[in-house]
Amino acid sequence: MTHGIVPKLPGSKEVMASTIAQASRRWRVFSAILVVCVASATAVWVFSPVRRQAAATPAPALGVELSNEIQRGAYVARAADCAPCHTAPDGKPFSGGRILKTDFGDMASPNITPDTETGIGGWTRNEFATAVREGVAPHLGFLYPTMSYTSYSKMSDSDIDALYAYIMSQPPVRAPRTEMSLSFPFNLRMLLAGWRKLYFDNSEFKADPAVSDVVNRGAYLVQGAAHCAECHTPRDALGGFDRSRPLAGATIDGFWAPNLTTDPKTGLGGWSEDDIYAYLSGKDTPHGGPFGPMHEVVAESTSHLTEGDNRAIAAYLHQLKPIESVSTGVLDRSLAQASVTRGYAAYKANCAACHRMGGDGVPGLAPPLAGHHALSASSQNVIMPVIAGLSGQTGRLSMPAFELDDQTVADIANYVRSAMGGVTDATATADQVASARAKLH
Ligand code: HEC
Ligand code: HEC
Ligand code: HEC
């Protein structure tokens, strides 16, 4: 590791556009809605559920070792991470009111406690199942795909039954729905009909007879309840999953959710199954720990799963076929070298007190940056913590946001990644930082 030495960037690369296209945010799906609505004049406005076919193999079920249905449902809710989205900071569990920022306005999650007036107390099991797996609520019609039903559609009847039993066993909380402030026309739910027709696949989970039961269990978790694709699968221009590149990496809330396939360069090719298992369980790995949106996933969801389930996820990811991430533009060599040199000084002045000059961090104060895989994967993962700060959940210290100009932030990202991430191409630009900043609300 280079301690305090400005690294030299090897090799000359083609000069490419220095503006780096920002991939669309998860919530940007809404921008597609209007386009799709106009394009699909034949869209059926009335919801017609696609018939779910009887499974050929026994339906998967989570938490079967737990003695009762409610405990099993609590486990399913952990795996599906239902609580964090449906709980406001300092709010009662599942009572809603967490504000989810979108490009088109704020969305508040609804109350899903069994209060009959303001929650879902009056809902039957089938109404609940239709909302969670099909994204259609009895009182509203189509739900926005902010709610992860595009993955939950793979959940088995048995897991939905347990989840329903658990949610209905929660104390009812009176908490009226907070009005959404989505701008016109995104506030028109019926426009979702066209989008659903094109993109919503509500077919059941199908086990693959060619792989082991453990790999199938991992597949069931990853594709269904644990909804990893919602953040890690790239989306096309209209906000639908790019089905040709599952889990190949995508932008979520300004961060880069890296490639989870076995690609050796841009994915988890260098991680052992044990490394993936340790990462999801909240244990140390040689590749750096989770932060930003992934920190919440690990803290609230995967670290509560059984060893068997996290090992199953690891086994499934470990046998995915490699897909290389699409690379963004790189700076030409002289611009890059100048940026890294300025970044060295800016890192020394702003970051080294906590992360140390070599990036090895200080236990209990700041995590190591050196060798951190998610930072090598994209400059977005350095830019976001610097411009927005990190909230430091579950006992960690938080990291403050820095008031630095766009070029300095880009320089720091280029320095950190080349000095500590083994990356040989500098990619961060002031334009990229400005556009990430513009999307912060
Ligand atoms: C990423 C955040 C997120 C996650 C994770 C999430 N939800 Fe939601 N959920 C929402 C939002 C936002 C809505 C409101 C959508 C709308 O009004 O169109 C919603 C709507 C619902 C509704 C409809 C309620 C109503 O009054 O219309 C139910 C039921 C529900 N969620 C249950 C669940 C369950 C059960 C889980 C876990 C399996 C879950 N949600 C996970 C964000 C989330
Ligand atoms: C809410 C969005 C979100 C969800 C859901 C999510 N991830 Fe992530 N994940 C991220 C982001 C953003 C990063 C990069 C930041 C980091 O490393 O903490 C990341 C990083 C990772 C990494 C480290 C990769 C690397 O190259 O360092 C692994 C492994 C991972 N996620 C696995 C998963 C698995 C498995 C699931 C499903 C159980 C999942 N993630 C669900 C957003 C998400
Ligand atoms: C006051 C101490 C402090 C300073 C100064 C500081 N950081 Fe941090 N940094 C932290 C802490 C604490 C975390 C973990 C926060 C969390 O995960 O919620 C963190 C996390 C990070 C992460 C995510 C990696 C991970 O595993 O959590 C990156 C990237 C990062 N810092 C980069 C920087 C850069 C670049 C600078 C200088 C502009 C900087 N930090 C300055 C304390 C600091």
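The values are calculated or read from the model by the stated rules, or taken from the named source; none is laboratory data. The structure presented is a predicted model; accordingly, all values stated were derived computationally and were not measured. Cβ atoms come from the backbone with ideal geometry, glycine included; neighbour counts cover every protein chain shown.
One residue stands out in the range 386-418 among those that are within 16 Å of ligand 2 (Cβ to nearest atom), surrounded by fewer than 22 Cβ atoms within 10 Å (Cβ to Cβ) and not hydrophobic (A, V, I, L, M, F, W, C): the one that is nearest to Ala434 (Cα to Cα), namely Gly389.
Scanning the range 303-323 turns up no residue that is within 13 Å of ligand 3 (Cβ to nearest atom), under 22 Å from Gly364 (Cα atoms) and within 18 Å of the chain's Cα centre (by Cα).
Scoring Pro258 on the criteria (1) more than 16 Å from the chain's Cα centre (by Cα); (2) near ligand 2 (Cβ under 10 Å from one of its atoms); (3) at pLDDT 95 or above leaves a single failure, condition (1).
Farther than 30 Å from Leu221 by Cβ, part of a helix (DSSP H, G or I) and in contact with a Ser or Thr (Cβ under 9 Å, 6 or more places away or on another chain), is that true of Ala349? Taking the combined requirement at face value, the residue does not satisfy it. When Thr266 is tested against the conditions (1) farther than 18 Å from Arg417 by Cβ; (2) part of a loop (DSSP other than H, G, I, E, B), the lone failure is (1). Within the range 303-342, the residues that satisfy the criterion of being in a loop (DSSP other than H, G, I, E, B) and of a type outside the set (Val, Ile, Thr) are Leu305, Gln319, Leu320, Lys321, Pro322, Glu324, Ser325, Ser327, Gly329, Leu331, Asp332.
The residue that is surrounded by the most Cβ atoms within 10 Å (Cβ to Cβ), counting only those in the range 419-441 that are out of contact with any helix residue (DSSP H, G or I) (no Cβ under 8 Å at 6 or more places or on another chain) and not in a loop (DSSP other than H, G, I, E, B), is Ser435.
Residues in the range 296-313 that are away from ligand 1 (no atom under 16 Å from the Cβ) and of a type outside the set (Gly, Ala, Ser) were compared, and the one that is surrounded by the fewest Cβ atoms within 10 Å (Cβ to Cβ) is Glu307.
Could you go through the range 189-211 and let me know if any residue there is among the aromatic types (Phe, Trp, Tyr), assigned to a loop (DSSP other than H, G, I, E, B) and closer than 27 Å to Asn68 by Cβ.
yes
Has the range 270-290 got any residue that is within 16 Å of ligand 1 (Cβ to nearest atom), assigned to a loop (DSSP other than H, G, I, E, B), buried (at least 18 other Cβ atoms within 10 Å of the Cβ) and not assigned by TED's automatic domain parsing to the domain that holds Arg78?
no
Suppose the filter is farther than 27 Å from Asp201 by Cα, assigned to a loop (DSSP other than H, G, I, E, B) and not aromatic (Phe, Trp, Tyr); does Ser244 pass it? When the stated conditions are applied, Ser244 does not pass them. Identify all residues within the range 363-385 that are assigned to a loop (DSSP other than H, G, I, E, B) and surrounded by 15 or more Cβ atoms within 10 Å (Cβ to Cβ); write none if there are none. Residues satisfying the conditions are Pro367, Pro368, Leu369, Ala370, Gly371, His372, Ser378, Ser379.
For the subset of the range 352-362 comprising residues that are within 11 Å of ligand 3 (Cβ to nearest atom) and in a loop (DSSP other than H, G, I, E, B), which member is surrounded by the most Cβ atoms within 10 Å (Cβ to Cβ)? Among them, the one singled out is Gly359.
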